[in-house]
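Please read the structure below before turning to the comments.
The values are calculated or read from the model by the stated rules, or taken from the named source; none is laboratory data. All values derive from a computational prediction rather than experimental measurement. Because the Cβ atoms are built from the backbone with ideal geometry, glycine has one as well, and the counts that use them run over all protein chains shown.
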Amino acid sequence: MTKRIFTSLLTMLLIVGVSNNAEAQRKKKKDEVKETPTPPKPKKGEIEPYSKVITSDAKTDEGLFKVHFLDDKYLYEIPDSLLEREMLMVTRIAKNTSNNSSFGGQKTNTQVLRWQKKDKNIILRVVSHNIVADEELPIHEAVVNSNFEPVLYSFPIKAYTDDKKSVVIDVTELFSTDVKPLGLPENVRKDYKISRLETKTSFIESIKSYPLNIESRHVKTYVASEPPSNSSTGTVSVEMSNSMILLPKVPMKRRIFDERVGWFTTSQTDYGLDVQKSKEITFLDRWRLEVKDEDIEKFKNGELVEPKKQIVYYIDRATPKKWVPYIKAGIEDWQVAFEAAGFKNAIIAKDPPTKEEDPEWTPEDVRYSVVRYLASPIPNANGPHVSDPRSGEILESDINWYHNVMSLLQGWFFVQTAAINPDAQGVAFEDDVMGRLIRFVSSHEVGHTLGLPHNMGSSAAYPVDSLRSATFTKKHSTAPSIMDYARFNYVAQPGDKDVALMPNIGVYDKYAMSWGYRPILEAKTAEDEKPILDSWILKHAGDPLYRFGHQQAGSVVDPSSQTEDLGDDAIKASAYGIANLKRIVPNLIKWTAEKGKNYDDLETMYGHVIAQFNRYMGHVSSNLGGVYENYKTYDQEGLVYTHVDKTHQKNCLNFINDQLFSTPNWLIDKEIIGRTEYSGITERIRSIQVKTLNNILDLGTMMRMIENETLNGNKAYTLISMMTDLRNGIWSELNSSKDIDTYRRNLQRAHVERLAELLNSKDVKVSSRKSSYVKTTAVTVKESDIIPIVRGELNRIKKNAYRASLATTNTVKKYHLQDISERIDAILNPKG
């Protein structure tokens, strides 16, 4: 028994000993592992050696900055030489979801940035060039203090290169988080009720570096309560593109703007000029076209020379092949205008490289100007550009060409030329016809990208009847500038054989391009150029072919600078246009017919006819209270502002009374209406009449008529005379036994309601900042003659309506006139 116990105890001791020994061995090994030191993690803000940050696993793209991609992070290696250099960031929507108001290729923001070293950080600042002063002047310090550059982002320095000449920063969060200037713009966020960025589904697609720019692509997914599509997700995703381009170290020499020549511009307020106030300096946005050193003598001798750098436009790969030649032709049509400036082959169109030839080529790259073909239902095209805010130098431009611009061209060409043009008598044009229309739009949009705005005063230079002449139009086209909205020749009548139907690059375009682009080699500064530029303008002073007329937003003040019009006489041009519409309407069914097809095209083209008629009414009615604007300087004779002739204004109102306020029965075609709608024509006619009536009874129009009489006495078409002529036209049935049809009853009620609105109108105030586009006439309503004149008109209509209601036996007419009388009584004597 004792022996067994001893044996058991011995066994247990051995087990414990072995166990303790094993545990000791494990502890020893663990201690040995602990003794092997691990590299300490860098402290926050600590700058590491370059080799620790940029390891051999990094993928590096050489360019403006080195861009390193490592462990899902993007790092910039910025040379010291590029710190403090100004760079232009262009933000675009590269790809978008369907049904979105913004489309792939659309620019959303541009801003100048500066990378700046601050202790152990790199600061990205937003630079403003709105106010300036020469650095040598004492006031420069005050300007700097008033123009503090906000910080867009701050990056801790991760490493220095071994030579200490470059810094490395991690830029991942700049593009993966919601830095608003680099994402969707505020107006889009409001439309879709975006609340925040969904970071889990937002990421960087790529960042690539090129010699002068860096291109980033990043997908942004936003939480939205009203997304444009895929509403079940509660989000909207877009792919954003940011192009950061290095601005020239030495800015291009500016060219000072003159309002007598239309141009897109950039402005600065300069506090450093030797004048007794701050002054806004405005200069042209234009491409840098320079004469090669070896060609200077040739240029001086009047020879055409090629510029140092051509303006090159690429055609988007997505463009249908059959339209490419026409778009290219529209671009190169401008060569003749640049020849007027002394350059040949200054602008050319090219096909982009294929993906096989250059897989890195992208239209979002700011080194390339591209005609972007966008899959969009928008029936339009536009030509924005990106310019250096220091000099106005255009660095890049993309023309946005929306697929449905062709439907817009179909409608215009049909309704404006089909009466005389067999090529337009249908809804599907031959390719060569549509191609010529595409070329026209291409040329117009390229003009914008070269710096030219709309010249709406151009088309008024030609006598209306000259537009019916084949000889004249073949030589001069339909307007002196393709930058006008002088679409197609609606003036020409059947029998006007071989007349030109659309504008080309005209005499004004050549003049403007010469004025803006011809190098003045003898001038060292922009100020030195001014006397020469002035002399070029004065050479053509008073010649309507060389006149610039601003586009007017809102109401029209200058009737010679309207959109969509032709010729120097709105009455005559519109009469010709209406005569052609009267020829088109009876043929609409035939010209839109196709077996097995419904009446959608008929409805569309009928709508175009009505819209075109409405334009003619606008062209004519805008002459009432009109004031012509012809920019001049002190060395030119005559006034800048002159009122439209009294007789012409009176004739314009008579035209409106005859053509529109007297029911346009020719436009009310039962055969078309019966095929296209179950109701709507009554409202459509009422809408045109009311729009024109409100244009005539506009507060600004009425105030200008009062001022005209005040300044010019009996030479003016007075407000009282206009009101009388208007009343006699609208209420002519009150002086006869003639019945009042539905359209006229609607018009008469609209007249009373508009007069009532005028009694309660709010004052119109003018912005303190002068605008060439938005022209507003100040009106203090209750202290003007408008209220008593309107009240007098209402009393007169009430009296006449009551008298006529007693004389008529027609029940509807009687009720209508009794209602008018009671309405006016309620307006003039409101209860309570």
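Could you tell me which residue of region 193-216 is nearest to VAL112 (Cα to Cα), considering only residues that are of a type in the set (Val, Ile, Thr) and loosely packed, with under 15 Cβ neighbours inside 10 Å?
THR199
I need a count of the residues in region 721-752 that are loosely packed, with under 15 Cβ neighbours inside 10 Å and under 28 Å from PRO830 (Cα atoms).
Selection size over region 721-752: 3.
Mind telling me which of the residues LYS180, LYS158 ends up being basic (Lys, Arg), in the same structural domain as LEU82 (by TED's automatic domain parsing), farther than 14 Å from SER237 by Cβ and exposed (fewer than 15 other Cβ atoms within 10 Å of the Cβ)?
Matching residue, one of LYS180, LYS158: LYS180.
Give the residue that is modelled with the lowest pLDDT, with candidates limited to residues of region 167-177 that are closer than 17 Å to PHE69 by Cα and polar (S, T, N, Q).
SER176
Looking at region 392-433, which of its residues are buried (at least 23 other Cβ atoms within 10 Å of the Cβ) and of a type in the set (S, T, N, Q)?
SER397, ASN400, GLN410, GLN416, THR417
Could you please let me know if TYR773 is loosely packed, with under 14 Cβ neighbours inside 10 Å and under 30 Å from GLY457 (Cα atoms)?
yes
GLU564 - would you say it is crowded, with 18+ Cβ neighbours inside 10 Å, among the acidic types (Asp, Glu) and within 30 Å of LYS253 (Cα to Cα)?
Considered against the rule, which asks whether it is crowded, with 18+ Cβ neighbours inside 10 Å, among the acidic types (Asp, Glu) and within 30 Å of LYS253 (Cα to Cα), GLU564 comes out as no.
Within the set of pairs 6+ apart or on separate chains, which have a first residue in region 524-541 that is in contact (Cβ under 8 Å) with a residue 24 or more places away in the chain and over 23 Å from MET252 (Cβ atoms), a second that is surrounded by fewer than 13 Cβ atoms within 10 Å (Cβ to Cβ) and of a type in the set (Asp, Glu), and C-beta atoms under 8 Å apart?
Sorted first by the residue in region 524-541, then by its partner, the pairs are LEU538/ASP635.
Among LYS249, LYS190, LYS253, which is surrounded by fewer than 16 Cβ atoms within 10 Å (Cβ to Cβ), of a type in the set (D, E, K, R) and part of a loop (DSSP other than H, G, I, E, B)?
LYS249
State yes or no: is ASP763 surrounded by 13 or more Cβ atoms within 10 Å (Cβ to Cβ) and farther than 30 Å from SER736 by Cβ?
So ASP763 does not fit the description; no.
Just one of VAL774, VAL812 is of a type outside the set (D, E, K, R) and under 47 Å from the mean Cα position of the chain (by Cα); which is it?
One residue alone meets the criteria, VAL774.
Pick from region 80-111 the residues that are buried (at least 20 other Cβ atoms within 10 Å of the Cβ), at pLDDT 85 or above and more than 17 Å from LEU247 (Cβ to Cβ): which of them is nearest to the chain's Cα centre (by Cα)?
THR108
Does LEU755 satisfy the criteria of being buried (at least 18 other Cβ atoms within 10 Å of the Cβ), in contact with a helix residue (DSSP H, G or I) (Cβ under 9 Å, 6 or more places away or on another chain), closer than 16 Å to ASN795 by Cβ and of a type outside the set (Ser, Thr, Tyr)?
Here the answer is yes, as LEU755 does meet what is asked.
What residue, among those in region 303-325 that are part of a loop (DSSP other than H, G, I, E, B) and either hydroxyl-bearing (Ser, Thr, Tyr) or under 22 Å from VAL336 (Cβ atoms) (or both), is nearest to the chain's Cα centre (by Cα)?
THR319
In region 476-498, how many residues are among the acidic types (Asp, Glu) and in contact (Cβ under 8 Å) with a residue 60 or more places away in the chain?
Here the count works out to 1.
Output yes when any residue across region 203-210 is free of Cβ contacts under 8 Å to residues at least 24 places away in the same chain and part of a strand (DSSP E or B), and no when none is.
Yes, region 203-210 has at least one match.
So, restricting to helices (runs of 4 or more DSSP H) that lie completely within region 647-752, which ones have at least 1 residues that are farther than 30 Å from ASN598 by Cα?
Filter on region 647-752 gives 681-696, 699-712, 719-730.
Out of everything in region 446-461 that is touching a Gly at 6+ places or on another chain (Cβ under 7 Å) and surrounded by fewer than 24 Cβ atoms within 10 Å (Cβ to Cβ), what residue ends up being farthest from TYR631 (Cα to Cα)?
Looking at residues that are touching a Gly at 6+ places or on another chain (Cβ under 7 Å) and surrounded by fewer than 24 Cβ atoms within 10 Å (Cβ to Cβ), I get HIS448.
Can you list residue pairs whose Cβ atoms sit under 6 Å apart, with the first residue in region 804-832 being in contact (Cβ under 8 Å) with a residue 60 or more places away in the chain and the second being of a type in the set (Lys, Arg)? Count only pairs 6 or more apart in sequence or on different chains.
If the second residue must be of a type in the set (Lys, Arg), the pairs left are THR808/LYS814; HIS816/ARG745; ILE824/LYS798.
Quick test of your reading of the structure: TYR815 fulfils all but one of (1) of a type in the set (Ser, Thr, Tyr); (2) surrounded by 17 or more Cβ atoms within 10 Å (Cβ to Cβ); (3) assigned to a helix (DSSP H, G or I). Name the failing condition by number.
So TYR815 meets the others, but not (2).
Restricting attention to helices (runs of 4 or more DSSP H) lying wholly within region 520-600, give those where 1 or more residues are within 30 Å of ARG390 (Cα to Cα).
The helices (runs of 4 or more DSSP H) meeting that bar are 526-538.
Give the residues of region 731-750 that are over 19 Å from ALA807 (Cα atoms) and among the aromatic types (Phe, Trp, Tyr), sorted by residue number.
TYR743
Taking the condition of being among the hydrophobic types (A, V, I, L, M, F, W, C), in a helix (DSSP H, G or I) and closer than 24 Å to LYS328 by Cβ, how many residues in region 400-423 meet it?
6
Looking at (1) farther than 30 Å from SER481 by Cα; (2) in a loop (DSSP other than H, G, I, E, B), which is the one condition that is false for VAL223?
(2)
Kindly establish whether VAL238 is surrounded by 17 or more Cβ atoms within 10 Å (Cβ to Cβ), in the same structural domain as VAL127 (by TED's automatic domain parsing) and part of a helix (DSSP H, G or I).
no
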